[in-house]
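Participant: Structure incoming, see below.
The values are calculated or read from the model by the stated rules, or taken from the named source; none is laboratory data. Computed from a prediction, not measured in an experiment: that's the story for all the values here. Note that we place each Cβ from the backbone using ideal geometry, even for glycine, and neighbour counts take in every protein chain shown. Areas reflect the complete protein model, heavy atoms only, side chains present, ligands, DNA and RNA absent. Shrake-Rupley method; radii C 1.70, N 1.55, O 1.52, S 1.80 Å.
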Amino acid sequence: MKNRGLLIIVSAPSGCGKGTILSEVLKDNAYYFSVSATTRSPREGEVDGVNYYFISKDEFEDIIEKGGMLEYATYCGNYYGTPKKQVEEMLERGKNVLLEIEVQGAMQMKKLCPDGVFIFIKPPSISELKRRLKKRATESDEVIDARVAQAKEEMKYANKYDYVIVNDVLEKAVEDFKAIIRAEELSTKRIKVDTKEAE
Ligand code: ADP
Ligand code: 5GP
């Protein structure tokens with residue numbers, strides 16, 4: 001029988017590079033990326049059903065009411081949430097499920113699923129974060145300022161996670177991520193060794 005997959009919860013201030021890191025990690029098909037729903041507008045290049053399910057506020061509130069969100073939060077004026085369906089099914093199938101969510105949602109998941117693997121990704125500095133957001137050029141200066149202010153708030157939660165990765169050199173951050181997951185997969189918290197043969 002296949003072991004149940006790991007539920008991996010990743011948070012990082014917007015622009016710090018989590019999308020870039022996760023796209024490397026997701027090249028391995030042992031992972032399933034949970035596609036969130038959001039009320040924010042798609043950025044150029046984002047595809048409905050791939051990056052997010054882009055839905056209206058009314059639709060989002062309807063899903064909440066029907067109990068269809070595992071967790072949800074508002075972030076910079078928009079709703080973001082994890083649809084319940086698929087997460088459980090993928091874990092059962094032995095896939096490692098990745099939730100890329102902000103800190104309020106992660107704290108809800110900590111209560112719901114204490115055996116999840118909680119990873120916080122930090123930028124090397126706030127000035128580098130600002131530089132990366134500007135370089136990405138997907139948001140106005142006003143939105144960038146709001147996201148930087150939000151990032152400072154979010155970083156206060158870093159110690160509530162199991163692991164912290166600093167995304168300075170990309171390749172090293174990806175290696176760190178994979179090392180954490182491998183160690184968790186081998187942990188006796190999750191797999192019990194049959195000790196009969198030692199008797
Ligand atoms: P997030 O998903 O956290 O919002 P992105 O993955 O979109 O962030 O990255 C934001 C910008 O920073 C992108 O232009 C990306 O190419 C760049 N970036 C990501 N990681 C690094 C890194 N380690 N060093 C330099 N630039 C990076
Ligand atoms: P962005 O607009 O940059 O794609 O995402 C903004 C923030 O929302 C990021 O911190 C991202 O991790 C978070 N986010 C994305 N999906 C979800 C979700 O399903 N739930 C919660 N709580 N946050 C999410």
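Participant: Can you work out the Karplus-derived ³J(HN,Hα) for every residue in segment 35-41? Use 6.51 cos²θ - 1.76 cosθ + 1.60 with θ = phi - 60°, whole Hz, and x for glycine or proline.
Facilitator: Result, rounded to whole Hz: 7, 7, 9, 8, 9, 6, 6.
Participant: Quantify, in whole percent, the carbon and sulfur part of the accessible surface of the chain (1.4 Å probe; protein heavy atoms only).
Facilitator: Details: 5770 of 11440 Å².
The value for the chain is 50 percent carbon and sulfur by accessible area.
Participant: Also, I was wondering about something else. If the convex hull of the alpha-carbon atoms of the chain is projected onto planes in all directions, what is the mean projected area in square nanometres?
Facilitator: If you wrap the Cα atoms of the chain in a convex hull and average its projections, you get 12.7 nm².
Participant: Let me check something: with ligands and nucleic acids excluded, how do MET155, MET109 order by accessible area (1.4 Å probe), largest to smallest?
Facilitator: So, going from the largest accessible area down, we get MET155, MET109.
Participant: List every residue whose amide H lies under 5 Å from the amide H of ILE165, counting only residues 5 or more places away in sequence or on a different chain, with H placed 1.01 Å from N in the peptide plane.
Facilitator: Under 5 Å from the amide H of ILE165: PHE120, ILE121, LYS122.
Participant: Also, I was wondering about something else. From the helices alone, meaning DSSP H stretches of at least four residues, give me the mean residue ellipticity at 222 nm for the chain, per-run term -39500 (n - 2.57), in deg cm²/dmol to the nearest 500. Provide the component values of the computation, followed by the final result.
Facilitator: Numbers: 7 runs with 76 residues, N = 199.
For the chain, the value works out to -11500 deg cm²/dmol.
Participant: Here's something else I'd like to know. Any idea of the accessible area per residue across the chain, 1.4 Å probe, to the nearest Å²?
Facilitator: Per residue, the chain has an accessible area of 57 Å².
Participant: Next up: Past the 26 Å Cα-Cα mark, which pairs from LYS135/LYS160; LYS95/LYS178; LYS134/LYS178; LYS85/LYS111; LYS122/LYS178?
Facilitator: Over 26 Å Cα-Cα: LYS135/LYS160; LYS134/LYS178.
Participant: To continue, here is another question. What FRET efficiency do you get for GLU128 and ASN29 if R0 is 22 Å and r is their Cβ-Cβ distance, rounded to the nearest 0.05?
Facilitator: The value I calculate is 0.10.
Participant: Apply the Karplus parameterisation 6.51 cos²θ - 1.76 cosθ + 1.60, with θ equal to phi minus 60°, to every residue of segment 178-191 and state each ³J(HN,Hα) to the nearest whole Hz, in sequence, with x for glycine and proline.
Facilitator: Each residue of segment 178-191 in turn: 5, 5, 4, 5, 4, 4, 5, 5, 8, 5, 6, 5, 10, 10 Hz.
Participant: Considering amide H positions built from the backbone, and no H for Pro or chain starts, which residues 5 or more places from SER36, or on another chain, come under 5 Å of its amide H?
Facilitator: Residues meeting the criterion, in which the H sits 1.01 Å from N, are TYR53.
Participant: Can you list the HN-Hα couplings for segment 116-124, worked out from phi with the Karplus curve (6.51, -1.76, 1.60; θ = phi - 60°), rounded to whole Hz and with x for Gly and Pro?
Facilitator: Calculated HN-Hα couplings, in order: x, 9, 9, 10, 10, 10, 10, x, x Hz.
Participant: Round to the nearest 10 and give me the degree value, 0 to 90, for the angle of helix 126-136's Cα axis relative to the longest principal axis of the chain.
Facilitator: Value to nearest ten degrees: 70.
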